[in-house]
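This report refers to the structure that appears directly beneath it.
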Amino acid sequence: MYSVTKTVVISAAHFLPGHSGKCKNMHGHNFKITVTLINKGILYETGMKKGMVEDFGTIKKTIMFLDHTLLNDHIQNPTAENIARYIANRFGNCERVEVEETPGNVACYTP
Ligand SMILES: [Zn+2]
């Protein structure tokens, strides 16, 4: 089995409706997002992705549309956990997504 792992950082705002603490107010983070995609079978056999599970640039593009946005416009209650699941669901072959909201605080989703 092959896998590829890509890490990107996005700057984005969010707020957590219903949270009893300060996270209910809009604020921002530099979210460090690490995505691992797997390929249980053959890699791309032709074209620019020949020999790849997925092009790293394609993975980046699939995430970067969230950069400099309000995450609540895309994800209901965008906790790090929900962000991880949302990103995982954008890929058909995702093994794992990690979202580091602040250094040392990481949520992980495994489909
Ligand atoms: Zn936050």
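Find all pairs meeting these conditions: Cβ atoms under 9 angstrom apart; at least six residues apart or on different chains; first residue within the stretch 86-111 and polar (S, T, N, Q); second residue within 16 Å of the ligand (Cβ to nearest atom) and part of a strand (DSSP E or B).
Listed by first residue and then by second, the contacts come to 102/29; 102/30.
List pairs: first residue in the stretch 20-46 and over 16 Å from residue 87 (Cβ atoms) and touching a residue at least 12 places away in the same chain (Cβ under 8 Å), second residue among the aromatic types (Phe, Trp, Tyr) and outside any loop (DSSP other than H, G, I, E, B) anywhere in the structure, Cβ distance under 8 angstrom, at least six positions apart or on different chains.
39/2; 43/2
Just to be sure I understand, how many residues within the stretch 15-57 are exposed (fewer than 13 other Cβ atoms within 10 Å of the Cβ) and either on the phi > 0 side of the Ramachandran plot or assigned to a loop (DSSP other than H, G, I, E, B) (or both)?
Here the count works out to 17.
On the basis of being in contact (Cβ under 8 Å) with a residue 12 or more places away in the chain, farther than 20 Å from residue 3 by Cβ and part of a helix (DSSP H, G or I), does residue 83 make the cut?
Details: in contact (Cβ under 8 Å) with a residue 12 or more places away in the chain: yes; farther than 20 Å from residue 3 by Cβ: yes; part of a helix (DSSP H, G or I): yes.
Here the answer is yes, as residue 83 does meet what is asked.
If a residue must be closer than 22 Å to residue 57 by Cα and within 13 Å of the ligand (Cβ to nearest atom), how many such residues does the stretch 76-111 contain?
The total comes to 3.
Restricting the stretch 64-105 to residues that are of a type in the set (A, V, I, L, M, F, W, C) and touching a Pro at 6+ places or on another chain (Cβ under 7 Å), which is nearest to residue 18 (Cα to Cα)?
So in the stretch 64-105, the residues of a type in the set (A, V, I, L, M, F, W, C) come out as 64-66, 70-71, 75, 80, 83-84, 87-88, 91, 94, 97, 99.
Restricting the remaining residues to those that are touching a Pro at 6+ places or on another chain (Cβ under 7 Å) gives 71, 88, 94.
Numbers: 71: 16, 88: 24, 94: 30 Å.
Here the answer is 71.
Laboratory data are not the source of any read-out in this text; all were calculated from the coordinates shown. Note that the structure is predicted; figures quoted are calculated from it, not measured. Please note: Cβ atoms are built from the backbone with ideal geometry, for glycine as well, and neighbour counts cover all protein chains shown.
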